[in-house]
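Encoded as structure tokens, the structure appears first; notes follow it.
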Protein chains: 2
Amino acid sequence: MGKTYIFGHKNPDTDSITSSLVMADFERKLGNAEAKACRLGNVNKETEYVLNYLKIEAPELIENVEDGANVILVDHNSPSESIDNLNNVNILKVVDHHKLALETAYPLFYRAEPVGCTETVMYKLYKENGFTIDKTIASLMLSAIISDTLLLKSPTTTEDDKKAVEELSKISGINAESYGLEMLKAGTDLSSFSIDEILHLDAKKIDFKNVKAIVNQVNTADISDVMKMKKDLEDRMNEIIAEENLDLFMLLITDIVNSNSQVIALGKSASLVEKSYGVKLENNTALLKGVVSRKKQVVPIMTENA
Amino acid sequence: MGKTYIFGHKNPDTDSITSSLVMADFERKLGNAEAKACRLGNVNKETEYVLNYLKIEAPELIENVEDGANVILVDHNSPSESIDNLNNVNILKVVDHHKLALETAYPLFYRAEPVGCTETVMYKLYKENGFTIDKTIASLMLSAIISDTLLLKSPTTTEDDKKAVEELSKISGINAESYGLEMLKAGTDLSSFSIDEILHLDAKKIDFKNVKAIVNQVNTADISDVMKMKKDLEDRMNEIIAEENLDLFMLLITDIVNSNSQVIALGKSASLVEKSYGVKLENNTALLKGVVSRKKQVVPIMTENA
């Protein structure tokens with residue numbers, strides 16, 4: 001069927017990168033020999049740790065695909081997180097675990113489940129098709145599930161995720177707990193990033209009804225480390241608010257060890273954070289106890305209160 | 001988890017009715033004891049034939065479900081074809097074979113494939129879960145696949161549909177060819193319908209870009225039978241165009257034996273039919289050779305040319 005480009009979302013995380021690699025393997029097993037794993041952005045440090053550990057190469061960086069090309073989307077379906085000409089390509093498949101945000105003019109293969117990670121869905125697809133999951137594929141899947149569920153502690157975690165981690169640990173021979181903590185910690189190293197880069201590490205544009213927002217999430221093993229940069233972060237956040245005409249910029253600094261997030265909220269709709277979580281912002285910041293999941297603990301609550 | 005309402009689209013066809021019944025069985029097998037098959041409109045004559053043949057009752061007619069209710073959508077995902085308060089209910093699952101038209105604020109189980117019939121996807125779900133398909137369930141699935149694919153002759157037909165029909169014929173003991181033709185013919189009996197009812201039998205509101213249209217499809221074993229009513233049909237079509245402020249009303253009279261459609265096209269955008277199919281409308285009508293599928297042979301072509 002000609003080349004098929006497989007990619008996760010812009011600003012790729014470990015799930016997006018590994019899912020494109022795993023999906024390419026899956027497609028080859030289905031007989032689609034020209035399935036090609038791609039990525040829409042730089043590999044982050046957490047994912048770099050995974051790829052180095054497994055001694056495999058990152059998918060190729062692609063900026064554009066030609067109109068009419070065959071594509072498969074993994075770990076996203078929202079056009080705002082995808083290639084710019086998504087409306088002009090032929091989407092063959094979507095495998096995802098996010099809310100629905102895609103309209104098409106044609107039917108396609110669409111598989112989404114409300115689980116913690118796209119790789120948990122991929123794991124089920126391998127099982128359903130009777131395909132063998134080799135050690136590398138298992139390691140990639142395992143890494144992504146640990147990443148997205150913060151070692152199965154995020155409220156997005158489901159029984160399916162736990163079951164997958166258990167079996168994938170066995171196949172890969174990887175101890176999920178110790179490997180996972182090292183991997184997550186590798187992702188919290190901000191030393192080489194500028195303030196601007198930190199603010200774009202995992203930034204998503206989200207509309208809470210009429211509130212135009214960016215929610216950026218930064219994982220850390222120690223919130224106070226990141227809060228040392230608060231003044232500089234706020235200055236740049238205010239610039240981005242002006243540049244992009246935002247109503248709200250939320251920076252979630254997520255403590256992956258204790259499962260809390262410190263939020264810095266700026267913009268004219270910052271009080272929506274106070275209303276949504278029953279907290280008082282002091283100097284633009286508050287601790288959101290137990291909040292670690294943007295998808296489950298930010299988007300629905302902020303949308304409801306907007 | 002409390003009651004779960006399962007329903008197909010408004011103006012239900014055999015796929016929508018049987019898929020709600022089959023999905024209720026599937027959910028009960030998954031442990032969801034309160035899954036309830038429903039329908040959003042009257043049972044058509046083809047479906048009546050199926051239910052009478054199998055001696056089973058139609059799903060309950062529901063007009064509304066309470067806000068916050070758990071629902072499962074089968075054979076549709078477009079809000080315009082669903083319950084009016086779709087935005088205020090909790091969609092647990094979608095199983096479908098149409099283009100994507102649904103946005104949600106939350107992740108959900110979504111399973112769609114570009115196959116001829118929702119029941120082909122249901123068939124795969126039973127297989128994947130290792131569930132037994134009993135004789136009644138097999139008969140329901142088989143009936144819907146025959147209906148949607150016009151006995152595997154529609155261009156929407158895939159290898160998956162053919163494989164399902166083969167196995168479902170064995171399980172049900174039903175001869176697909178002879179049973180299918182009787183069933184399809186039962187659906188073409190227009191004797192008890194008023195002109196207005198005929199024009200609403202399988203009417204879908206579709207926007208071809210900016211062209212606001214209704215496309216109604218009527219199956220027949222003899223096009224000339226329906227064309228005898230042309231004058232009356234046109235008069236009522238023109239009234240509906242005025243009432244609903246339409247740009248186009250297409251009536252497809254589909255010959256299920258020879259796989260052609262006679263189209264009657266009215267409204268200020270009627271020439272879009274000429275442009276899309278390279279035909280000349282004479283007295284508002286033309287033969288569209290080989291056209292039997294609204295989804296595959298009308299929506300994409302008309303959208304492209306609009």
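Per the listing A:50, A:74, A:43, A:65, the residue uniquely over 21 Å from residue A:142 (Cβ atoms), more than 13 Å from every other protein chain (Cβ to nearest Cβ), open to solvent by less than 40 Å² (accessible area, probe 1.4 Å) and touching a residue at least 24 places away in the same chain (Cβ under 8 Å) is A:65. The number of residues in the stretch B:253-263 that are assigned to a strand (DSSP E or B), open to solvent by less than 10 Å² (accessible area, probe 1.4 Å) and farther than 18 Å from residue B:305 by Cα comes to 3. Exactly one residue among B:91, B:72, B:145, B:133 is under 25 Å from residue B:254 (Cβ atoms) and in contact with a Phe, Trp or Tyr (Cβ under 9 Å, 6 or more places away or on another chain), and that residue is B:145. For the stretch A:88-109, the condition of being within 20 Å of the chain's Cα centre (by Cα) and more than 14 Å from chain B (Cβ to nearest Cβ) holds for none of the residues. Taking each residue of the stretch A:261-283 that is of a type in the set (Asp, Glu) and looking for partners that are part of a loop (DSSP other than H, G, I, E, B) with beta-carbon atoms closer than 6 Å, six or more apart or interchain, yields A:274/A:281.
What about residue B:299, is it within 22 Å of residue B:9 (Cα to Cα), touching a residue at least 40 places away in the same chain (Cβ under 8 Å), of a type outside the set (D, E, K, R) and open to solvent by less than 50 Å² (accessible area, probe 1.4 Å)? For residue B:299, the condition - within 22 Å of residue B:9 (Cα to Cα), touching a residue at least 40 places away in the same chain (Cβ under 8 Å), of a type outside the set (D, E, K, R) and open to solvent by less than 50 Å² (accessible area, probe 1.4 Å) - is met. When residue A:8 is tested against (1) crowded, with 24+ Cβ neighbours inside 10 Å; (2) more than 13 Å from the chain's Cα centre (by Cα); (3) small (Gly, Ala, Ser), only condition (2) is not met. Checked against the criteria, residue B:224 does not count as surrounded by fewer than 23 Cβ atoms within 10 Å (Cβ to Cβ), polar (S, T, N, Q) and on the phi > 0 side of the Ramachandran plot.
The values are calculated or read from the model by the stated rules, or taken from the named source; none is laboratory data. Just so it is clear, the structure is predicted and the values come from calculations on it, not from any experiment. Backbone-built Cβ (ideal geometry, glycine too); neighbour counts: all protein chains shown. To get the accessible areas, we keep the full protein, side chains included, count just its heavy atoms, and leave off ligands, DNA and RNA. Shrake-Rupley method; radii C 1.70, N 1.55, O 1.52, S 1.80 Å.
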